[in-house]
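Notes follow once the structure below has been shown.
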Amino acid sequence: MKQIQKGFTLIELMIVVAIIGILAAVAIPQYQTYIAKTQVTRAMGEAGALKTSVEGCLLAGNVTLPYAGAVGECDPQATGSSILTGASQSNALPQAGLTASKLGVPTVTLTPAGDPVSTITATLGNGAATVLAGKTIIWSRSATGTWTCASDANMDLKYKPTGCP
């Protein structure tokens, strides 16, 4: 009586392991690039979200930072982010469960309406990808009220988000 094969041969198993290894060697770097690009886009969005509060401060003539609750001071209303570095510019407390050292907020620079530029600068760090550490995304407001986005000149082109060259 003939015996029926009941499994895989060693060579078949080695071929499967080799194929999985090749796929992983290609997929892991691509995934890391994807994560870094989404972190840059996230930083752009988090900094861009402050444009409304900055506009409100400029229209009201409140251009003094940091915010401590006094008249004439601007509260940028920034919340901490795990991928940014930078000290809070308000008396806001960190989010529950996170310490201030693990959170960063965009830095806001305000100039009176007649001056040319107010900026919101997001500096990547903390939990951001290593290749992004220290890179910046800057939203700039011209004297005419137009906002433009610019990313760090040293940032690799593959990480730069659309609309923020």
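Among the residues of this structure, T162 counts as one that is of a type in the set (S, T, Y), under 19 Å from G48 (Cα atoms) and either in contact with a His (Cβ under 6 Å, 6 or more places away or on another chain) or at pLDDT 85 or above (or both). Whether a residue is acidic (D, E), in a helix (DSSP H, G or I) and surrounded by 11 or more Cβ atoms within 10 Å (Cβ to Cβ) was assessed, and E12 does not pass this test. Which of the residues belonging to segment 126-153 are of a type in the set (S, T, Y), at pLDDT 90 or above and surrounded by fewer than 16 Cβ atoms within 10 Å (Cβ to Cβ)? Those that are of a type in the set (S, T, Y), at pLDDT 90 or above and surrounded by fewer than 16 Cβ atoms within 10 Å (Cβ to Cβ): T130, T146, T148.
When segment 141-165 is filtered for residues that are over 17 Å from T41 (Cβ atoms) and assigned to a loop (DSSP other than H, G, I, E, B), the ones remaining, listed by number, are S142, A143, T144, G145, T146, A153, N154. Take the conditions (1) more than 20 Å from P165 (Cα to Cα); (2) modelled with pLDDT of 90 or more; (3) not β-branched (V, I, T); A47 misses just one of them, which is (1). The residues of segment 40-57 that are under 18 Å from the mean Cα position of the chain (by Cα) and assigned to a helix (DSSP H, G or I), listed by number, are V40, T41, R42, A43, M44, G45, E46, A47, G48, K51. The one condition from (1) on the phi > 0 side of the Ramachandran plot; (2) surrounded by 14 or more Cβ atoms within 10 Å (Cβ to Cβ) that G61 does not meet is (2). When each of K37, K6 is tested for being assigned to a helix (DSSP H, G or I) and of a type in the set (K, R), the lone residue that passes is K37. Restricting attention to segment 1-51, the residues being in contact (Cβ under 8 Å) with a residue 60 or more places away in the chain and either of a type in the set (D, E, K, R) or more than 30 Å from S82 (Cα to Cα) (or both) number 3. Taking segment 59-72 as the range and being in contact with a strand residue (DSSP E or B) (Cβ under 7 Å, 6 or more places away or on another chain) and either assigned to a loop (DSSP other than H, G, I, E, B) or more than 28 Å from G134 (Cα to Cα) (or both) as the test, the residues that pass are N62, L65, Y67, G72.
The values are calculated or read from the model by the stated rules, or taken from the named source; none is laboratory data. The structure displayed is predicted, hence computed values, not measured ones. Counting neighbours? That spans all protein chains shown, and the Cβs are built from the backbone with ideal geometry, glycine included.
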